[in-house]
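The structure appears below as C-alpha coordinates.
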Amino acid sequence: MGEDHYTGKIFLPLGPPPILGDSIIITVRRTGFGLSDHQICSWLRLFGDIVGQLKYKYHPELPTVKDDHLEVLMKLNKHIPSTLPAFGKKIIVYYRAQPIQCSKCYELGHVRKNCTASVVNWLGYVKNLRSLNYIPDKLFGVWLGYLRASEANSQQPTDPPSSPVI
(Lines give C-alpha, C1' and ligand atoms only; values in the text may rest on other atoms or scores of the structure.)
Protein backbone atom coordinates (compact mmCIF):
# COMPACT_ATOMS: atom_id res chain seq x y z
CA MET A 1 0.00 0.00 0.00
CA GLY A 2 1.08 3.52 -0.66
CA GLU A 3 3.01 2.40 -3.74
CA ASP A 4 0.37 3.03 -6.38
CA HIS A 5 1.78 4.31 -9.64
CA TYR A 6 -0.22 6.19 -12.23
CA THR A 7 0.80 7.02 -15.75
CA GLY A 8 -0.70 9.39 -18.23
CA LYS A 9 -0.08 12.23 -20.59
CA ILE A 10 -0.41 15.92 -20.02
CA PHE A 11 -2.13 17.72 -22.86
CA LEU A 12 -1.33 21.37 -23.12
CA PRO A 13 -4.10 23.66 -24.36
CA LEU A 14 -3.93 24.16 -28.10
CA GLY A 15 -5.28 27.67 -28.02
CA PRO A 16 -8.00 28.97 -30.31
CA PRO A 17 -8.61 27.10 -33.54
CA PRO A 18 -6.83 28.48 -36.58
CA ILE A 19 -8.78 30.60 -39.03
CA LEU A 20 -8.45 31.03 -42.77
CA GLY A 21 -5.19 32.79 -43.55
CA ASP A 22 -3.33 31.17 -40.64
CA SER A 23 -0.55 28.67 -41.25
CA ILE A 24 -1.77 25.20 -40.37
CA ILE A 25 -0.50 21.63 -40.67
CA ILE A 26 -2.52 19.65 -43.20
CA THR A 27 -2.51 15.86 -43.03
CA VAL A 28 -3.27 13.89 -46.21
CA ARG A 29 -4.16 10.23 -45.68
CA ARG A 30 -4.68 7.23 -47.96
CA THR A 31 -2.37 8.34 -50.73
CA GLY A 32 -1.41 4.71 -51.28
CA PHE A 33 1.97 6.01 -52.44
CA GLY A 34 0.25 6.22 -55.83
CA LEU A 35 0.24 10.00 -56.06
CA SER A 36 3.25 12.15 -56.74
CA ASP A 37 4.05 15.17 -54.60
CA HIS A 38 3.14 17.31 -57.61
CA GLN A 39 -0.32 15.70 -57.85
CA ILE A 40 -1.02 16.19 -54.15
CA CYS A 41 0.19 19.79 -54.27
CA SER A 42 -2.01 20.44 -57.33
CA TRP A 43 -5.07 19.66 -55.21
CA LEU A 44 -3.91 21.45 -52.08
CA ARG A 45 -3.06 24.66 -53.97
CA LEU A 46 -6.75 24.99 -54.86
CA PHE A 47 -7.34 25.81 -51.20
CA GLY A 48 -4.33 27.92 -50.23
CA ASP A 49 -0.59 28.44 -50.35
CA ILE A 50 1.81 25.63 -49.53
CA VAL A 51 4.42 27.00 -47.14
CA GLY A 52 6.42 23.86 -46.28
CA GLN A 53 7.62 20.61 -47.82
CA LEU A 54 5.49 17.47 -48.01
CA LYS A 55 6.71 15.05 -45.35
CA TYR A 56 5.64 11.44 -45.22
CA LYS A 57 4.90 10.11 -41.75
CA TYR A 58 6.46 6.98 -40.34
CA HIS A 59 4.33 4.12 -39.06
CA PRO A 60 3.88 4.58 -35.28
CA GLU A 61 4.83 0.97 -34.46
CA LEU A 62 7.49 0.54 -37.15
CA PRO A 63 9.70 3.64 -36.99
CA THR A 64 11.69 2.77 -40.11
CA VAL A 65 8.61 2.21 -42.32
CA LYS A 66 6.96 5.15 -44.02
CA ASP A 67 3.18 5.33 -43.87
CA ASP A 68 1.09 6.60 -46.80
CA HIS A 69 0.13 9.66 -44.74
CA LEU A 70 1.88 12.97 -45.19
CA GLU A 71 1.88 16.42 -43.65
CA VAL A 72 2.47 19.86 -45.10
CA LEU A 73 2.30 23.40 -43.75
CA MET A 74 -0.22 25.61 -45.59
CA LYS A 75 -1.93 28.98 -45.40
CA LEU A 76 -5.56 28.21 -46.17
CA ASN A 77 -7.65 30.55 -48.32
CA LYS A 78 -10.69 28.28 -48.15
CA HIS A 79 -11.59 25.13 -46.28
CA ILE A 80 -10.69 21.75 -47.75
CA PRO A 81 -13.31 18.99 -47.86
CA SER A 82 -12.13 15.96 -45.89
CA THR A 83 -12.56 13.64 -48.89
CA LEU A 84 -11.15 14.45 -52.32
CA PRO A 85 -11.20 12.55 -55.65
CA ALA A 86 -7.55 13.05 -56.49
CA PHE A 87 -6.30 11.41 -59.68
CA GLY A 88 -8.49 8.33 -59.28
CA LYS A 89 -7.92 7.91 -55.54
CA LYS A 90 -10.10 8.85 -52.60
CA ILE A 91 -7.78 10.77 -50.33
CA ILE A 92 -8.58 11.99 -46.85
CA VAL A 93 -7.53 15.47 -45.73
CA TYR A 94 -7.48 16.55 -42.10
CA TYR A 95 -6.50 19.67 -40.19
CA ARG A 96 -7.40 21.18 -36.85
CA ALA A 97 -10.75 23.04 -36.86
CA GLN A 98 -11.63 21.67 -40.32
CA PRO A 99 -15.38 21.89 -40.99
CA ILE A 100 -16.96 18.46 -40.79
CA GLN A 101 -18.08 16.86 -44.06
CA CYS A 102 -21.36 14.93 -44.14
CA SER A 103 -21.00 11.31 -45.28
CA LYS A 104 -24.52 11.37 -46.76
CA CYS A 105 -24.53 14.48 -48.97
CA TYR A 106 -20.79 15.42 -48.85
CA GLU A 107 -21.59 19.02 -47.89
CA LEU A 108 -19.53 20.78 -45.23
CA GLY A 109 -20.83 21.84 -41.84
CA HIS A 110 -22.99 18.99 -40.57
CA VAL A 111 -22.96 15.25 -39.88
CA ARG A 112 -25.02 12.48 -41.45
CA LYS A 113 -27.24 12.20 -38.37
CA ASN A 114 -28.45 15.79 -38.86
CA CYS A 115 -28.58 15.71 -42.68
CA THR A 116 -31.87 16.50 -44.37
CA ALA A 117 -30.52 16.30 -47.93
CA SER A 118 -30.83 13.39 -50.34
CA VAL A 119 -28.10 10.77 -50.42
CA VAL A 120 -25.29 11.60 -52.84
CA ASN A 121 -23.10 8.74 -54.04
CA TRP A 122 -19.39 9.15 -54.72
CA LEU A 123 -19.78 9.94 -58.42
CA GLY A 124 -22.50 12.45 -57.54
CA TYR A 125 -19.98 14.13 -55.25
CA VAL A 126 -17.37 14.15 -58.03
CA LYS A 127 -19.97 15.70 -60.35
CA ASN A 128 -20.83 18.37 -57.76
CA LEU A 129 -17.14 19.25 -57.26
CA ARG A 130 -16.61 19.46 -61.00
CA SER A 131 -19.60 21.78 -61.38
CA LEU A 132 -17.91 24.32 -59.09
CA ASN A 133 -15.63 25.12 -62.07
CA TYR A 134 -12.45 25.77 -60.08
CA ILE A 135 -10.98 22.27 -60.25
CA PRO A 136 -9.25 21.38 -63.53
CA ASP A 137 -10.56 18.14 -65.04
CA LYS A 138 -7.10 16.55 -65.06
CA LEU A 139 -7.05 16.56 -61.23
CA PHE A 140 -9.93 14.06 -61.10
CA GLY A 141 -8.05 11.42 -63.10
CA VAL A 142 -10.09 8.29 -63.86
CA TRP A 143 -12.99 9.52 -61.71
CA LEU A 144 -13.93 11.76 -64.62
CA GLY A 145 -14.08 8.75 -66.96
CA TYR A 146 -16.28 6.87 -64.49
CA LEU A 147 -18.51 9.93 -64.20
CA ARG A 148 -18.88 10.24 -67.97
CA ALA A 149 -19.66 6.50 -68.28
CA SER A 150 -22.24 6.76 -65.50
CA GLU A 151 -23.89 9.75 -67.17
CA ALA A 152 -23.92 7.96 -70.54
CA ASN A 153 -25.56 4.89 -68.98
CA SER A 154 -28.20 6.99 -67.22
CA GLN A 155 -29.14 8.62 -70.54
CA GLN A 156 -29.88 5.29 -72.21
CA PRO A 157 -33.60 4.85 -73.00
CA THR A 158 -35.39 2.85 -70.35
CA ASP A 159 -38.47 1.97 -72.42
CA PRO A 160 -38.48 -1.53 -73.88
CA PRO A 161 -37.90 -1.69 -77.60
CA SER A 162 -41.12 -1.57 -79.58
CA SER A 163 -42.24 -4.83 -81.14
CA PRO A 164 -42.66 -4.95 -84.88
CA VAL A 165 -46.16 -4.47 -86.18
CA ILE A 166 -47.50 -7.55 -87.94
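The values are calculated or read from the model by the stated rules, or taken from the named source; none is laboratory data. Not measured: the values here are computed from a predicted model. For neighbour counting, all protein chains shown are included, and Cβ atoms are generated from backbone atoms with ideal geometry for every residue, glycine included.
Across the range 55-78, the qualifying residues are those that are surrounded by 17 or more Cβ atoms within 10 Å (Cβ to Cβ) and of a type in the set (A, V, I, L, M), and the one among them that is nearest to P99 (Cα to Cα) is L76. If the condition is being polar (S, T, N, Q) and surrounded by 10 or more Cβ atoms within 10 Å (Cβ to Cβ), then the range 1-31 contributes S23, T27, T31. Restricting attention to the range 112-129, the residues that are exposed (fewer than 14 other Cβ atoms within 10 Å of the Cβ) and touching a Ser or Thr at 6+ places or on another chain (Cβ under 8 Å) add up to 1. Being small (G, A, S) and surrounded by 13 or more Cβ atoms within 10 Å (Cβ to Cβ) holds for only one residue in G34, G52, and it is G34. Restricted to the range 19-111, the set of strands (runs of 3 or more DSSP E) holding at least 2 residues that are modelled with pLDDT of 90 or more and more than 16 Å from the chain's Cα centre (by Cα) comprises 23-29, 48-50, 62-76. The set of residues in the range 1-51 that are of a type in the set (F, W, Y) and touching a strand residue (DSSP E or B) at 6+ places or on another chain (Cβ under 9 Å) comprises F33, W43, F47.
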